[in-house]
Amino acid sequence: MLTADLHLAHGYTLADLNRLARASASSNRTMAADHRDLVDAAWSAIADAIYAAEHWLPEHELLRLGKGAIWSIVRDHRQTYGYRDREWDAGLASAPRFCAYWLGQQVTPSPEGPIVERLTLPRLLAALTDTQRRVVAAVAAHDGDRPAAAAALGVTEKALNHQLRMARMTCAALWVEGETPRRVAGRRLDRRNHRGPVASCGTLAAARRHRDRREPLCPKCAPVEAAYDQKRRARR
């Protein structure tokens, strides 16, 4: 069984080794690792130095070696969690290279955003209809307040939302042009605003078109919608 007065080498005892290891760990104020781990690291470094030395080493030299071992652990810990070097208060994930590798963040500002916006915005706006451009401009002028934008244009909010949605689909289709488009709200982007031939009056589709535009039903569409409503009530 090891005792505190066990002689190691060059006049140092096990008690001296434990005392120097604790002193080395206590001098660290970074809280970057468990205190027990720091003591163990200093203990091993000091013990190796005592047995490897050909002559007696002063305590301040052993303390320096113990603190060096502790600093290696602290530095590795901070590097693992992305702390900026030599800045203790920078915080987690503050090192530029850590952010660039693990978080995909640019170390320096990228010019891509302004360039893409400057080149694509005119093309996207040109692809919209006049009505869609007016709606987009009104929403932007009112900081995204759709009711206020609808009131400024003199249209209903439902009509404004419809035009915004169609504008979004057109821009998305142009953005992925040449690629397989994804689906947005149940519609394919490659269809854009084209929905095929316009249904002629006297059909249910034409009657619904009148309703969507808040128009009165024409003489051909009125009986079609009345017959559809009658069938729907009968099914209930």
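The values are calculated or read from the model by the stated rules, or taken from the named source; none is laboratory data. Values in this document were obtained by computation on a predicted structure and should not be read as measured data. Heads up, the Cβs are rebuilt from the backbone with ideal geometry, glycines too, and the neighbour counts pull from every protein chain shown. Side chains are part of the model used for accessible areas, which takes the heavy atoms of the whole protein and leaves out ligands, DNA and RNA. Shrake-Rupley method; radii C 1.70, N 1.55, O 1.52, S 1.80 Å.
Dipole orientation for segment 31-79: of the candidates LEU63, TYR51, VAL74, VAL74 has the Cα lying most toward the positive pole (charges on Cβ; Lys, Arg +1; Asp, Glu -1). Here is the P(r) of segment 39-83: all C-alpha pair distances, binned every 5 Å from 0, give 5, 24, 25, 18, 12, 8, 5, 2, 0 in whole percents. Per-peptide packing, taken as the mean over residues of other Cβ atoms within 10 Å, places 212-225, 35-48, 149-162 in the sequence 35-48, 149-162, 212-225 from highest down.
Ordered by 1.4 Å accessible area with all protein chains kept, ARG146, ARG123, ARG209 run largest first as ARG123, ARG146, ARG209.
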